[in-house]
1. Whether any residue in region 61-73 is touching a residue at least 60 places away in the same chain (Cβ under 8 Å), surrounded by fewer than 19 Cβ atoms within 10 Å (Cβ to Cβ) and more than 12 Å from the chain's Cα centre (by Cα) is what I want to check.
2. Return the residue satisfying two criteria in turn: it lies in region 15-60 and is among the polar types (S, T, N, Q) and out of contact with any Phe, Trp or Tyr (no Cβ under 8 Å at 6 or more places or on another chain), and of such residues it is most open to solvent (accessible area, probe 1.4 Å).
3. Mind listing whichever residues of region 87-112 are part of a helix (DSSP H, G or I), in contact (Cβ under 8 Å) with a residue 24 or more places away in the chain and open to solvent by 40 Å² or more (accessible area, probe 1.4 Å)?
4. Could you please tell me which pairs satisfy a Cβ distance under 9 Å, a separation of 6+ or placement on different chains, a first residue in region 48-59 that is of a type in the set (Ser, Thr, Tyr), and a second residue that is at pLDDT 95 or above and open to solvent by less than 50 Å² (accessible area, probe 1.4 Å)?
5. Which residues, counting only those in region 1-45, are in contact with a helix residue (DSSP H, G or I) (Cβ under 7 Å, 6 or more places away or on another chain), under 18 Å from Trp112 (Cβ atoms) and either hydrophobic (A, V, I, L, M, F, W, C) or not in a loop (DSSP other than H, G, I, E, B) (or both)?
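The values are calculated or read from the model by the stated rules, or taken from the named source; none is laboratory data. Please read all numbers here as calculations on a predicted model, not as lab measurements. Here the Cβ positions follow ideal geometry from the backbone for every residue, glycine too, while neighbour counts run over all protein chains shown. When the accessible area is computed, the model is the full protein with side chains, heavy atoms only, and any ligands, DNA or RNA have been set aside. Shrake-Rupley method; radii C 1.70, N 1.55, O 1.52, S 1.80 Å.
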Amino acid sequence: MGLDQFAYAVDSEGNSEEIACWRKHPNLQGWMEDLYHKKGGKEEFNCVAVEITTEDLDDLNKAINQKDLPETQGFFFGGDSDDYYKDEDTQFIQNARAAICKGMSVEYSSWW
């Protein structure tokens, strides 16, 4: 058991395609949880989705490059993983931008 995280590109008909997945990247989880609550999310951030916009991707890219993802802990989350996942995070941002350019939406969700 642990923190499993996914990003999906979703088309106008509701079909989804996985564009990224992570296992135990707690600081990304913390960043996404903050985003979820900024967008009005009220539930516990587990098994819920948050839509990611181009502006969100800009902010995430900046946070990654400045090593400014929030330190996040949880029983199932694992340890600090920013450097370990930097290439995957960068690839996710590229994939998400490409999906948005195609008219798709991008969602992040996780479960632990």
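1. no
2. Selected residue: Asn15.
3. Glu88, Thr90, Gln91, Asn95, Arg97, Ile100
4. Short answer, once both residue conditions are applied: Thr53/Ile100; Thr53/Ser105; Thr53/Val106; Thr54/Ala96; Thr54/Ile100.
5. Answer for region 1-45, where residues must be in contact with a helix residue (DSSP H, G or I) (Cβ under 7 Å, 6 or more places away or on another chain), under 18 Å from Trp112 (Cβ atoms) and either hydrophobic (A, V, I, L, M, F, W, C) or not in a loop (DSSP other than H, G, I, E, B) (or both): Leu3, Gln5, Ala7, Ala20, Trp22, Asn27, Leu28, Trp31, Leu35, Phe45.
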